[in-house]
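Trainee: This structure is in structure tokens; I'll ask about it shortly.
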Amino acid sequence: MIDPAAELPFFYGSISRSDAEQHLKLAGMGDGLFLLRQCLRSLGGYVLSVVWSLEFYHYPVEKQLNGTYCIAGGKSHCGPAELCEYYSKDADGLVCSLRKPCHRSPDTPIKTGVFDSLRDNMLQEYVRQTWNLDGEAMEQAIISQAPQLEKLIATTAHEKMSWFHGKIPRQEGERRLYSGSQPDGKFLVRERVESGTFALSVMYGKTAYHYQILHDKSGKYSMPEGTKFDTVWQLVEYLKMKPDGLVTLLREPCVNQNNAGQTPAVPALRTPRTNGYTPPPKVPGASKILAPMDRQPLPMDSDEFVSPYADPKELKDKTLFIKRDKLMVDEVELGSGNFGCVKKGVYKMKSKHIDVAIKVLKSENEKAVKDEMMREAEIMHQLDNPYIVRMIGLCEAEALMLVMEMAPAGPLNKFLSSRKDQVSVENVVELMHQVSLGMKYLEEKNFVHRDLAARNVLLVNQHYAKISDFGLSKALGADDNYYKARTLGKWPLKWYAPECINYHKFSSKGDVWSYGITMWEAFSYGGKPYKKMKGQEVTAFLQSGKRLECPANCPDPMYEVMNDCWIYKYEDRLDFVKVEERMRSYYYSISKKPPTEASEDATKPKSED
Ligand code: ADP
Ligand code: MG
């Protein structure tokens with residue numbers, strides 16, 4: 001996870017007070033010399049260390065529940081950088097204003113704290129247990145939704161821990177501790193029956209000790225007189241390292257048998273998700289999570305996050321061509337093109353039925369169109385990513401049919417233009433970050449899409465986008481980095497980079513250009529790029545160095561990414577690794593702001609002009 005202070009050259013990470021003083025000494029002890037370090041006691045907090053009159057002053061900077069930062073009694077700031085900038089202009093209660101940053105030397109990397117790795121592990125464990133994800137799917141889930149996941153973890157993660165026993169009386173807690181072996185430090189946390197507060201029970205010298213976990217008005221958890229934490233699990237992790245007044249360090253969890261199934265030593269095989277036809281997985285608490293009423297849906301809540309073949313039972317029977325009797329084709333049309341139309345349907349798999357979209361080839365079509373669809377299928381067959389529409393299979397019956405995962409909320413451009421006032425700018429950033437993740441995957445697999453546009457980004461729901469329409473896509477040879485088109489086709493010229501138009505050279509860098517146009521469409525809520533200009537005019541427009549204007553209310557950093565996607569020479573243009581990085585860091589930065597500030601940034605667009 002990226003620390004919001006990681007970019008600051010005077011941030012040292014998780015160093016001790018004496019290390020901080022050492023650095024300041026080496027830098028000359030001038031008045032107002034300062035550095036920032038991670039706070040070792042409170043998560044997400046910092047300490048500002050300042051020199052004045054050859055003395056050291058250490059000010060804890062606290063991360064508040066709403067996500068802002070402040071020095072006790074001082075003003076709130078949206079990030080550590082803003083806070084330091086503020087105190088560089090005005091001492092406002094500090095011993096002096098911050099005058100000279102004590103920069104890290106090149107050979108002093110930021111020191112990662114014990115909680116940094118812990119937080120990553122927590123995220124992984126949480127995603128594994130909640131959505132039954134593993135490997136790449138788990139990584140994608142974390143990268144795309146880290147801000148929301150961190151919030152979820154902060155509030156509910158203890159419920160998933162093996163040491164958490166829920167609401168049980170003290171006697172029952174003791175009974176559980178005394179059953180089996182009783183090493184020192186064996187512990188459990190339970191919810192107290194009367195008060196709903198938490199208690200910690202720990203074994204020492206074959207005796208159970210009970211401690212109340214205090215929960216103060218500001219929502220912090222602590223042992224009496226001990227360090228305060230935002231969450232119960234952070235407190236527990238801390239008590240594994242420091243006794244903080246307890247009779248012993250916490251060591252081995254007394255495992256709650258009801259939670260035990262959730263913390264498998266060996267990753268469990270994925271169980272099928274609910275889809276109307278299958279019973280919900282027997283994961284305690286899962287029903288609550290699969291039907292989120294109190295939070296925004298996450299991509300991982302959707303069945304479409306992992307391939308329907310991720311279930312080994314289904315994979316066994318997987319074939320490229322699927323049987324007609326397993327497919328129900330609705331009359332409902334989702335869209336159409338010159339190839340035919342896309343219909344809604346249901347595919348009957350072994351243990352579940354899934355909603356599908358079916359591209360049906362018109363029967364009167366000539367062979368060339370059929371070949372085209374076969375090529376599209378061949379490409380899709382090789383792809384498997386949460387942010388790309390997956391192919392389920394092909395079906396040859398009354399017509400040739402390409403069966404795909406269903407993205408019920410339809411194309412991004414239409415969705416946005418019909419819901420301008422319901423979709424925040426932050427929401428658009430989230431979706432475009434997901435698109436960049438899908439494109440990064442394509443780039444890595446050496447595929448070029450060649451038709452990336454808002455019309456070909458389909459939505460599963462308002463918070464989940466998938467790239468679709470691989471009709472023009474190509475797999476590049478192992479040694480090629482571009483595809484040379486020999487024939488001109490019906491090309492989406494307004495989405496194409498100069499080298500695609502001029503030299504018919506298609507690479508991932510060309511897709512990056514199209515990504516920039518797609519971003520522009522998204523941030524203008526389904527606007528049409530280059531209005532009424534003709535293809536030729538666009539080429540001249542670009543050659544003269546002009547570019548699409550910044551859409552109304554589009555955040556500057558997002559327009560900067562677009563412009564970097566539209567660098568004329570493809571050698572100098574971003575690649576998707578960089579695009580994704582830029583999208584991610586902006587997305588995280590706005591998601592971490594308190595709601596009021598984030599929504600101020602993410603004002604809804606005025607009507608398109
Ligand atoms: P074309 O090559 O004609 O652009 P697309 O693959 O983009 O074909 O599909 C055309 C339309 O069909 C899309 O704009 C969309 O409305 C609908 N559609 C296609 N695939 C899906 C899907 N997987 N889920 C939902 N709708 C889809
Ligand atoms: Mg299309």
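The values are calculated or read from the model by the stated rules, or taken from the named source; none is laboratory data. Model, not experiment: these values are computed from the prediction. Note that each Cβ is placed from the backbone with ideal geometry, even for glycine, and that neighbours are counted across all protein chains shown.
Trainee: Would you pick out the residues in the range 394-418 that are under 29 Å from the mean Cα position of the chain (by Cα), away from ligand 2 (no atom under 14 Å from the Cβ) and surrounded by 16 or more Cβ atoms within 10 Å (Cβ to Cβ)?
Mentor: Val403, Glu405, Met406, Ala409, Phe415, Leu416, Ser417
Trainee: Just to check your reading of the model, which residue among Gly438, Gly489, Gly477, Gly510 is within 29 Å of Pro408 (Cβ to Cβ) and not aromatic (Phe, Trp, Tyr)?
Mentor: Step by step, each of Gly438, Gly489, Gly477, Gly510 is checked, and only Gly438 is within 29 Å of Pro408 (Cβ to Cβ) and not aromatic (Phe, Trp, Tyr).
Trainee: Among the residues in the range 178-196, are any under 39 Å from the mean Cα position of the chain (by Cα), of a type in the set (Lys, Arg) and closer than 20 Å to Met122 by Cβ?
Mentor: no
Residues checked against (1) among the acidic types (Asp, Glu); (2) within 31 Å of the chain's Cα centre (by Cα):
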{"position": "Gly335", "(1), (2)": "no, yes"}
{"position": "Ala368", "(1), (2)": "no, no"}
{"position": "Asp371", "(1), (2)": "yes, no"}
{"position": "Met374", "(1), (2)": "no, no"}
{"position": "His381", "(1), (2)": "no, yes"}
{"position": "Asn385", "(1), (2)": "no, yes"}
{"position": "Met391", "(1), (2)": "no, yes"}
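Trainee: Identify, please: which residue in the range 339-377 is without any contact (Cβ under 8 Å) to a residue 24 or more places away in the chain and not aliphatic (A, V, I, L, M) and is, among those, farthest from Gly438 (Cα to Cα)?
Mentor: Glu364
Trainee: Looking only at the range 78-109, how many residues end up being closer than 17 Å to Arg37 by Cβ and of a type outside the set (Gly, Ala, Ser)?
Mentor: 13
Trainee: Right, something else. Looking at (1) within 16 Å of ligand 1 (Cβ to nearest atom); (2) more than 24 Å from Tyr559 (Cβ to Cβ), which one does Ala454 not meet, given that it meets all the others?
Mentor: Every listed condition holds for Ala454 apart from (2).
Trainee: Right, here's the next one. Being over 30 Å from Ile354 (Cβ atoms), at pLDDT 90 or above, out of contact with any Phe, Trp or Tyr (no Cβ under 7 Å at 6 or more places or on another chain) and charged (D, E, K, R) narrows it down to one of Glu252, Glu237, so name that one.
Mentor: None of the other options fit; the residue is Glu252.
Condition check ((1) surrounded by fewer than 20 Cβ atoms within 10 Å (Cβ to Cβ); (2) under 30 Å from Asp19 (Cα atoms)) across all residues:
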{"residue": "Ser97", "(1), (2)": "yes, yes"}
{"residue": "Asp107", "(1), (2)": "yes, yes"}
{"residue": "Leu133", "(1), (2)": "no, no"}
{"residue": "Ala137", "(1), (2)": "no, no"}
{"residue": "Gln140", "(1), (2)": "no, no"}
{"residue": "Ile143", "(1), (2)": "yes, no"}
{"residue": "Thr155", "(1), (2)": "yes, no"}
{"residue": "Phe164", "(1), (2)": "no, no"}
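Trainee: Now, a different point. I'm trying to understand the selection: among the residues of the range 468-494, which are within 16 Å of ligand 2 (Cβ to nearest atom) and in contact with a Leu (Cβ under 7 Å, 6 or more places away or on another chain)?
Mentor: If the condition is that a residue be within 16 Å of ligand 2 (Cβ to nearest atom) and in contact with a Leu (Cβ under 7 Å, 6 or more places away or on another chain), then Ser468 is the only one that fits.
Trainee: For residues that are out of contact with any strand residue (DSSP E or B) (no Cβ under 8 Å at 6 or more places or on another chain) and assigned to a strand (DSSP E or B), scanning just the range 171-212, find the one that is surrounded by the most Cβ atoms within 10 Å (Cβ to Cβ).
Mentor: The extreme case among them is Tyr204.
Trainee: Now for a separate question. From Met349, Met391, Met380, which residue is surrounded by 19 or more Cβ atoms within 10 Å (Cβ to Cβ), closer than 15 Å to Tyr309 by Cα and in contact with a His (Cβ under 7 Å, 6 or more places away or on another chain)?
Mentor: Of the residues listed, the single one that is surrounded by 19 or more Cβ atoms within 10 Å (Cβ to Cβ), closer than 15 Å to Tyr309 by Cα and in contact with a His (Cβ under 7 Å, 6 or more places away or on another chain) is Met391.
Trainee: Limited to the range 86-116, what total is found for residues that are hydrophobic (A, V, I, L, M, F, W, C), assigned to a loop (DSSP other than H, G, I, E, B) and under 31 Å from the mean Cα position of the chain (by Cα)?
Mentor: Counting residues in the range 86-116 that are hydrophobic (A, V, I, L, M, F, W, C), assigned to a loop (DSSP other than H, G, I, E, B) and under 31 Å from the mean Cα position of the chain (by Cα) gives 1.
Trainee: Might you let me know whether the range 302-319 holds any residue that is more than 16 Å from ligand 2 (Cβ to nearest atom), under 24 Å from Arg455 (Cβ atoms), among the polar types (S, T, N, Q) and touching a strand residue (DSSP E or B) at 6+ places or on another chain (Cβ under 9 Å)?
Mentor: yes
Trainee: Of all the residues that make up the range 292-305, how many are away from ligand 1 (no atom under 16 Å from the Cβ) and part of a loop (DSSP other than H, G, I, E, B)?
Mentor: Selection size over the range 292-305: 7.
Trainee: Here is a further query. Kindly establish whether Asp311 is more than 15 Å from ligand 1 (Cβ to nearest atom) and of a type in the set (D, E, K, R).
Mentor: yes
Trainee: Identify the residue in the range 463-513 that is in a loop (DSSP other than H, G, I, E, B), touching a residue at least 40 places away in the same chain (Cβ under 8 Å) and away from ligand 1 (no atom under 15 Å from the Cβ) and, among all such residues, is farthest from Lys534 (Cα to Cα).
Mentor: In this case the residue turns out to be His463.
Trainee: With surrounded by fewer than 21 Cβ atoms within 10 Å (Cβ to Cβ) and on the phi > 0 side of the Ramachandran plot as the only criterion, which of Lys531, Lys578, Lys505, Lys569 stands out?
Mentor: Matching residue, one of Lys531, Lys578, Lys505, Lys569: Lys531.
Trainee: Output yes when any residue across the range 403-413 is among the hydrophobic types (A, V, I, L, M, F, W, C), at pLDDT 95 or above, within 14 Å of ligand 1 (Cβ to nearest atom) and part of a helix (DSSP H, G or I), and no when none is.
Mentor: Yes, because at least one residue in the range 403-413 is among the hydrophobic types (A, V, I, L, M, F, W, C), at pLDDT 95 or above, within 14 Å of ligand 1 (Cβ to nearest atom) and part of a helix (DSSP H, G or I).
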